[in-house]
Amino acid sequence: MGELLKECSARAHEAETGDVTRSAEELGRLMDEVASPSVQCTFDAGHAAVGFSAVEYARILGKRIAHVHLHDCDGVTAHLPLGDGSIDLEALFEVFSQIQKERGDEVTIVMQNEASAGAAYQEEWEKLKSLEASSMTRPRRAGPERPCLRAA
């Protein structure tokens, strides 16, 4: 396995590869070509919302998504607290619920923003729990500083 990764890395370097893909459609096609259950996607909600619709990006990737980095975005700045950006979080969680059904497997969600302690952390946790009420996730605390949601 290490040798294969070394070869892939060398070829990518020779080709001056930066981003592997530039769109959800391209990433989906690439993953479909690989056609391995071991190749899954980590979806970064805030980064997907820079220049795109995070909800549509998630819809396109669909059941290829196995893990989510959750934070809000205003279209320019990622890693904003939930509700401080322009991502339709309720619609996004509806997509995650559908993905869970299609996968028949758990989708993990980890919060990624600067609310790591105190009142800001508690506020983020409450927002996650409210999103959970209408989706497939059930919140659980993952370690002392970061909330994590796991699909039910």
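Here is a check on your reading of the model: is H79 in contact with a Pro (Cβ under 8 Å, 6 or more places away or on another chain), surrounded by 14 or more Cβ atoms within 10 Å (Cβ to Cβ) and farther than 30 Å from M1 by Cα? No; evaluated as a whole, the condition is false for this residue. The condition of being touching an Asp or Glu at 6+ places or on another chain (Cβ under 9 Å), outside any loop (DSSP other than H, G, I, E, B) and modelled with pLDDT of 90 or more does not hold for G28.
The values are calculated or read from the model by the stated rules, or taken from the named source; none is laboratory data. Only a predicted model underlies this, so the values are computations on that prediction, with no experimental measurement involved. Neighbour counts are summed over all protein chains in view; Cβ atoms, including those assigned to glycine, are modelled from backbone coordinates with ideal geometry.
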